[in-house]
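Trainee: To start, I am sharing the structure in question, which I have written as C-alpha cells.
Since every read-out is calculated from the coordinates, none of them should be taken as a lab result. All of these numbers come straight from a predicted model, not from anything done at the bench. Cβ placement follows ideal geometry from the backbone for every residue including glycine, while neighbour counts extend to all protein chains displayed.
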Amino acid sequence: MKDIKFIEVNEEIKREWMNYSNWTDKVNDEVIRISDGWSIIAEKNTEMMGIISVYYRKMDEPFENTVEAYIDNIEVLEPFRTKGVASQLIKEAISRVEKDVTIYQIRSWSSKDKTAMLKLWKKMGFGLCPVLQHYGDVKVPGFFVSKVLYN
Ligand SMILES: CC(C)(COP(=O)(O)OP(=O)(O)OC[C@H]1O[C@@H](n2cnc3c(N)ncnc32)[C@H](O)[C@@H]1OP(=O)(O)O)[C@@H](O)C(=O)NCCC(=O)NCCS
C-alpha cells in the first residue's frame, strides 16, 4: 500500500485508536507503549489502519548486559488487512530500533492460533522458536520469534 504515514502515539491518539481496536481497553492499556516504550500508527488519508508497540528490556543472565526490543502489540483493523500494512509497520519498527546499535535483537511472541501473524513473522525473516507458555495452570502453545539486528 502506498502513501502510508506513520504517526507517533500519545495518550490522545491512543484513546482514539482504542475506539477502533478489537482488543479490550484493559489489553490496550497494557500493550500500547508510550512512557515505557513507543507505539506508531499507520494511517492513510488521516484514517487509522494499524498499530505496533515496542519496548526495550534487558535480558536474563548470562545476557544481563544485552538489550532487546520487544514487540508487544501489532494489530491491523479488518478493512485494511492483507494489504501489507503490518509488514510496513514491522519494517518501520525495525528501522527505528536499528538506529540504536546497542539493541541486539527484536523479539515477539504469537500463540499458535495466530496463523496470519506467524506466517508474517516467517515472511519477514524472523526465527521461529516453538514454546509452550505457562499462564498459571493454562498452557498456550506458540512461538517466540526473533531477529538479530546487530552482532
Ligand atoms: C496479523 C495481522 C496483524 C496481519 O496484518 P496485515 O496488514 O493483514 O498483514 P500483511 O498484509 O502485511 O501480510 C503480510 C503477510 O502476512 C501473512 N498473512 C497476513 N494475513 C494472512 C491471512 N489472513 N492468512 C494467512 N497469512 C496471512 C502472509 O504471509 C502475508 O504475505 P502475503 O500477502 O505475501 O501472503 C492482522 O491480520 C491482524 O491485525 N490480526 C488480528 C490481530 C492479531 O492477531 N495480532 C497479532 C497478535 S500476536
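Trainee: So which lysines pass the test for Lys119, namely a Cα distance under 24 Å, with those fewer than 8 places away in the same chain ruled out?
Mentor: Once the sequence-local lysines are set aside, what remains near Lys119 is Lys2, Lys83, Lys91, Lys139, Lys147.
Trainee: Filter the GluC sites (Glu not before Pro) in region 1-77 down to the DSSP loop ones having no more than 11 other Cβ atoms within 10 Å, then list what survives.
Mentor: Passing both the DSSP loop test and the Cβ count: Glu64.
Trainee: Next up: Per residue Cα convex hull volume for region 6-94, in cubic angstrom?
Mentor: 102 Å³
Trainee: I've got another one for you. Name the most mobile residue of Phe63, Phe126, Phe80, meaning the one with the largest mean-square fluctuation, in a Gaussian network model of the chain with Cα contacts below 10 Å.
Mentor: The residue that fluctuates most here is Phe63.
Trainee: Here's something else I'd like to know. For the chain, what is the mean residue ellipticity at 222 nm derived from helices alone (per DSSP H run of n ≥ 4: -39500 (n - 2.57); sum divided by total residues; nearest 500 deg cm²/dmol)?
Mentor: So the helix-based figure for the chain works out to -8000 deg cm²/dmol.
Trainee: So which residue, out of Pro62, Pro130, Pro79, gets the largest mean-square fluctuation from a GNM of the chain using Cα contacts under 10 Å as springs?
Mentor: Largest GNM mean-square fluctuation: Pro62.
Trainee: Mind checking which of Ala42, Ile4, Met124 is farthest towards the positive end of the chain's charge dipole, using Cβ charges of +1 (Lys, Arg) and -1 (Asp, Glu) about the Cα centre?
Mentor: Met124
Trainee: Let me ask something else about it. About the Cα centre of the chain, what is the dipole size in debye to 20, counting +1 per Lys and Arg Cβ and -1 per Asp and Glu Cβ, all else neutral?
Mentor: The dipole magnitude comes to about 760 debye.
Trainee: Need one number: the % of Cα-Cα pairs in the chain sitting beyond the 24 Å mark.
Mentor: So the pairs more than 24 Å apart make up 33 percent of the total in the chain.
Trainee: Now for a different question. Rounding to the nearest 10 and keeping the result within 0 to 90°, find how far the Cα-based axis of helix 85-98 lies from the longest principal axis of the chain.
Mentor: Relative to the chain, helix 85-98 is tipped by roughly 50 degrees.
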